[in-house]
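Here is the structure we will look at, set down as structure tokens.
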Amino acid sequence: MIDPEVQKSRSTTFEINPIIVNRWSPRSFEPSEISDKDLFSLFESARWAPSSSNSQPWRFIYAKRDSKNWNDFFSFLVDFNKQWCANASALVVIISRKNYENNGQPSLTHQFDTGAAWENLAIQAVSQGLTTHAMGGFDYAKAKATLEVPDDYDVLAMVAIGKRGPKDKLSPELQARETPNTRKPLSEIVMDGKFGNKAKSL
Ligand SMILES: Cc1cc2nc3c(=O)[nH]c(=O)nc-3n(C[C@H](O)[C@H](O)[C@H](O)COP(=O)(O)O)c2cc1C
């Protein structure tokens with residue numbers, strides 16, 4: 001079932017599994033711990049994503065709140081993200097291997113593959129009553145250096161994970177944005193046979 005809060009702003013043109021629209025990226029978190037069981041189920045879901053030649057280029061480096069590494073992870077974030085990430089239960093840096101392990105050839109699809117893994121994780125989180133929020137607003141070079149990421153991996157994104165908290169704990173500016181957003185119409189993103197050709201049923 002589509003969540004009533006989500007239903008206020010999101011509707012689908014064709015029927016899909018509601019968990020897909022129920023995933024969105026809130027910024028208010030409860031400052032609670034996350035168990036390894038809950039967190040590792042998310043990584044387990046990411047593990048089962050498809051990838052080119054089953055190369056599985058994704059890697060996840062995490063820090064739980066109150067862990068010794070939390071402050072390092074938090075320090076990577078731009079100020080805008082710091083203001084709402086402080087209550088997250090875990091921060092994850094997602095990296096991706098740029099070349100194939102078996103032959104060293106560059107992978108043209110590693111980011112595509114790791115993107116699929118991230119979405120698995122985000123959807124699994126919804127099913128566990130958790131929320132995720134991906135971020136590109138952080139210092140990539142600092143994350144790479146601090147986490148000692150080898151050169152054959154790209155740092156792609158960070159993700160905040162946690163239990164959703166009350167909206168009124170956010171600043172007024174962020175409260176105004178704390179709502180599920182919409183999407184471009186299908187007619188803009190789907191093309192029949194050739195770029196720019198609209199599908200008849202859209
Ligand atoms: C790669 C990536 C980077 C993002 N960077 C940020 C960010 O730095 N800060 C932020 O508040 N949201 C960030 N977002 C969240 C997007 O704005 C959000 O996913 C998008 O507006 C769609 O909304 P939804 O996730 O609620 O469906 C990022 C999302 C992705 C996938």
So, I34, is that one within 16 Å of the ligand (Cβ to nearest atom) and either among the small types (G, A, S) or closer than 29 Å to L174 by Cα (or both) or not? no
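If you scan segment 12-26, which residues turn out to be more than 18 Å from S127 (Cβ to Cβ) and surrounded by 12 or more Cβ atoms within 10 Å (Cβ to Cβ)?
Of everything in segment 12-26, just one residue is more than 18 Å from S127 (Cβ to Cβ) and surrounded by 12 or more Cβ atoms within 10 Å (Cβ to Cβ), namely T12.
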Going by the conditions given, is L108 farther than 20 Å from D139 by Cβ, surrounded by fewer than 19 Cβ atoms within 10 Å (Cβ to Cβ) and not charged (D, E, K, R)? yes
Every listed condition ((1) at pLDDT 95 or above; (2) within 27 Å of H133 (Cβ to Cβ); (3) out of contact with any helix residue (DSSP H, G or I) (no Cβ under 6 Å at 6 or more places or on another chain)) holds for A160 save (3)
Residue set E148, E119; condition acidic (D, E), more than 28 Å from E178 (Cβ to Cβ) and out of contact with any Lys or Arg (no Cβ under 7 Å at 6 or more places or on another chain); output residue E148
Of all residues being of a type in the set (F, W, Y) and either within 16 Å of the ligand (Cβ to nearest atom) or surrounded by fewer than 13 Cβ atoms within 10 Å (Cβ to Cβ) (or both) in segment 53-70, which is farthest from N102 (Cα to Cα)? Just the residue, please. F60
Suppose we keep only residues that are among the hydrophobic types (A, V, I, L, M, F, W, C) and not in a loop (DSSP other than H, G, I, E, B) within segment 2-30. Which one would you say is nearest to A116 (Cα to Cα)? I20
T146: β-branched (V, I, T) and farther than 24 Å from V93 by Cα, yes or no? no
Just to confirm my filter: which helices (runs of 4 or more DSSP H) fall fully inside segment 87-202 and include at least 1 residues that are within 12 Å of the ligand (Cβ to nearest atom)? 110-127, 140-146, 172-177
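Yes/no matrix, rows are residues, columns are (1) among the basic types (K, R); (2) within 14 Å of the ligand (Cβ to nearest atom); (3) out of contact with any Asp or Glu (no Cβ under 9 Å at 6 or more places or on another chain); (4) within 30 Å of A145 (Cβ to Cβ):
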{"site": "V6", "(1), (2), (3), (4)": "no, yes, yes, no"}
{"site": "R23", "(1), (2), (3), (4)": "yes, yes, no, no"}
{"site": "P26", "(1), (2), (3), (4)": "no, yes, no, no"}
{"site": "R47", "(1), (2), (3), (4)": "yes, no, yes, yes"}
{"site": "S51", "(1), (2), (3), (4)": "no, no, no, yes"}
Just to be sure, is F76 surrounded by 12 or more Cβ atoms within 10 Å (Cβ to Cβ), free of Cβ contacts under 8 Å to residues at least 60 places away in the same chain and hydrophobic (A, V, I, L, M, F, W, C)? no
Suppose we filter segment 79-101 for residues that are free of Cβ contacts under 8 Å to residues at least 12 places away in the same chain and either basic (K, R) or under 17 Å from W118 (Cβ atoms) (or both); how many remain? 1
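The values are calculated or read from the model by the stated rules, or taken from the named source; none is laboratory data. What you see is a predicted model; the values in this text were computed from it and never measured. FYI the Cβ positions are ideal-geometry reconstructions off the backbone, even for glycines, and counts take in every protein chain you see.
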